[in-house]
Each structure stands twice: as C-alpha cells, then as structure tokens.
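Reviewing the structure listed below.
The values are calculated or read from the model by the stated rules, or taken from the named source; none is laboratory data. Quick caveat: nothing in here was measured; it's all calculated off a predicted structure. Backbone-built Cβ (ideal geometry, glycine too); neighbour counts: all protein chains shown. Side chains are part of the model used for accessible areas, which takes the heavy atoms of the whole protein and leaves out ligands, DNA and RNA. Shrake-Rupley method; radii C 1.70, N 1.55, O 1.52, S 1.80 Å.
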Amino acid sequence: DVKVTQSSRYLVKRTGEKVFLECVQDMDHENMFWYRQDPGLGLRLIYFSYDVKMKEKGDIPEGYSVSREKKERFSLILESASTNQTSMYLCASGTLSQNQPQHFGDGTRLSIL
Amino acid sequence: AQSVTQLGSHVSVSEGALVLLRCNYSSSVPPYLFWYVQYPNQGLQLLLKYTSAATLVKGINGFEAEFKKSETSFHLTKPSAHMSDAAEYFCAVSPSGGGADGLTFGKGTHLIIQP
C-alpha cells in the first residue's frame with residue numbers, strides 16, 4: 001500500500017515566520033504535489049514536482065516555494081507566513097504510469113496567528 | 001483548461017435511500033475523472049476512476065459512477081445510503097491518468113445521512 005506521510009497533523013505558527021511542511025512517500029513515485037484545501041473552494045494545486053530538484057507552479061503558487069532534494073521527500077515552504085495562509089495542506093504522490101491515481105497524505109492543518 | 005462543477009455543496013439523504021452526487025466537467029482533451037472521499041480529519045481516499053475503459057465505473061463501498069460524454073457528466077451514485085457514508089466527496093479531472101499531472105477538483109459536496 002502506498003504511504004504518504006505528512007510530518008505534522010496540526011501546526012500553529014506566527015505571522016512572518018518561515019514555515020516548513022514536510023511530506024514523504026514510500027512508493028518511489030516520480031511525481032509529488034502540494035494542495036491547499038479551504039471550505040467551499042475544494043483543493044487547489046500549489047506546486048508539483050516531477051523529479052528531484054524540479055518544480056512546477058500550480059494554480060496558486062504565490063507566497064509559497066518548494067524543495068525536492070530527494071525523490072521521496074517534498075517540502076512546502078511559506079517564506080513569510082501570513083494569516084491568509086491558514087488552511088489545510090495536503091500532499092500527494094503519483095506515478096507517470098497512466099491509470100494510476102494520486103495518493104494523498106492525511107493533511108496538515110496550519111494556523112497562522 | 002479544465003474545470004469541475006459539483007452541484008450542491010450539501011446533500012442530505014435518509015439512511016437506505018439513493019445517493020446521487022452530481023459532477024460536470026469541462027476539458028479540452030478526453031478526460032480522466034475521479035471521485036475521492038474525505039472523512040473527518042483524514043486525507044483523500046480514491047473511490048473510483050474513469051480512464052476510458054468503461055463508461056460505468058464501480059468503486060469501493062458500493063459506489064459507482066457513469067461517464068456521459070454528451071452531458072459532460074460523471075455523477076456518483078449508491079443505491080442505499082449508510083450512516084458511514086457521511087463525508088465530503090470531491091470530483092476531480094486530469095488530462096492524464098492522474099498520477100502525472102495536478103488534479104483539478106470541484107468544490108466538494110458534503111453528504112449528510114439522516115437516520
């Protein structure tokens with residue numbers, strides 16, 4: 001079974017802090033994704049990566065950056081956290097093989113005070 | 001560009017009744033379509049996926065969905081609702097199989113089961 005693990009379920013940070021959200025997958029998937037989930041808006045893609053050290057902007061990349069130094073790990077970085085970044089963040093991984101869906105972690109609920 | 005519309009942010013049905021959650025999509029290429037379920041405080045779990053092999057797709061927990069190209073729809077159904085079906089349901093579209101590109105999600109439908 002594919003396992004996508006997000007390091008924190010709940011996180012509370014202060015405005016202006018640099019915040020790191022970590023995600024690890026154990027299935028040797030090429031692709032990894034970060035989504036943000038907000039009530040009434042569904043999930044929106046922030047960034048994704050299709051290889052080590054590669055990254056692509058999604059639909060809402062502003063205020064975020066990412067890092068992928070190893071194939072199994074994909075980090076989301078909030079350079080200077082703001083209150084409007086309070087949200088649920090979901091990481092997913094997937095393979096280039098068609099017909100294979102993305103697998104999601106349990107999410108990190110981030111509060112910025 | 002792709003988009004997904006889920007009709008009804010909240011749907012309430014009685015236990016044992018038919019569940020129908022609506023999803024319409026727009027896509028410039030033949031789409032891959034997915035339904036995911038999210039239980040409270042959990043991530044997303046795949047219910048089923050359409051990948052052009054068959055228009056009627058069966059998923060887990062008794063759910064199924066029918067792809068109708070002429071209506072650009074992929075509605076999710078279950079003949080008899082169970083209390084354990086109460087959750088948030090998301091329809092999503094992808095130009096590829098789903099693992100290679102970011103998914104475009106609908107805004108979600110919260111399914112409420114009345115005893």
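Structural remarks
- Here the range B:49-97 is treated with +1 on each Lys and Arg Cβ and -1 on each Asp and Glu Cβ, and its dipole about the Cα centre works out to around 160 debye.
- Per-q log10 I(q)/I(0), the range B:1-46, q = 0.25 Å⁻¹ (Debye; single scatterer per alpha-carbon; no solvent): -1.11
- Amide H contacts under 5 Å for B:Ala100, placed H, 5+ residues apart: none
- Structure remark: mean-square fluctuation, Gaussian network model of chain B, C-alpha springs under 10 Å; the largest value among B:Leu18, B:Leu47, B:Leu33 belongs to B:Leu18.
- Positive-pole candidate from B:Leu33, B:Ser84, B:Ser52, dipole of the range B:23-104, charges at beta carbon: B:Ser52
- Remark on B:Glu15: its backbone amide H falls under 5 Å from those of B:Gln114, a criterion applied only to residues 5 or more positions apart or on other chains, H modelled at 1.01 Å from N.
- Shielding of peptide A:39-47 by partners, expressed as the average count of other chain Cβ atoms within 10 Å per residue Cβ, is 5.
- For chain A, convex hull of alpha carbons as volume per residue, Å³: 98 Å³
- Hz values of 3J(HN,Hα) by residue in the range A:87-92 - Karplus curve (6.51, -1.76, 1.60), Gly and Pro given as x: 5, 9, 10, 10, 9, 9
- Less than 5 angstrom separates the built amide H of A:Val66 from those of A:Ile77, all sequence-distant by 5 or more or on a different chain.
- For chain B, the per residue solvent-accessible surface stands at 45 Å², with DNA, RNA and ligands left out and a 1.4 Å probe.
- Per-residue mean of C-beta atoms belonging to partner chains within 10 Å, peptide A:83-91: 1
- When Rg and the Kirkwood radius Rh are both evaluated on Cα atoms of the protein assembly as shown, their ratio Rg/Rh stands at 0.97.
- Listed values for the range A:67-73 are Karplus-derived 3J(HN,Hα) couplings in whole Hz (6.51 cos²θ - 1.76 cosθ + 1.60, θ = phi - 60°), namely 9, 9, 8, 10, 4, 8, 10, and x replaces Gly and Pro.
- Take each residue of peptide B:100-112, count the partner chain Cβ atoms within 10 Å of its Cβ, and average: the result is 6.
- Under 24 Å from the Cα of A:Lys70 - lysines, other chains or at least 8 residues apart: A:Lys3, A:Lys18, A:Lys53, A:Lys55, A:Lys57
- Accessible area of the range A:49-94 belonging to carbon and sulfur atoms, whole % at 1.4 Å probe: 48 percent
- Lysine pair number, Cα distance threshold 19 Å (strictly under), chain B, separation 8 or more or different chains: 9
- Heavy-atom accessible surface of the range B:1-93: percent carbon and sulfur, 1.4 Å: 53 percent
- HN-Hα J in Hz across the range B:19-26 - Karplus 6.51, -1.76, 1.60, θ = phi - 60°, x for Gly and Pro: 9, 9, 10, 9, 9, 10, 10, 10
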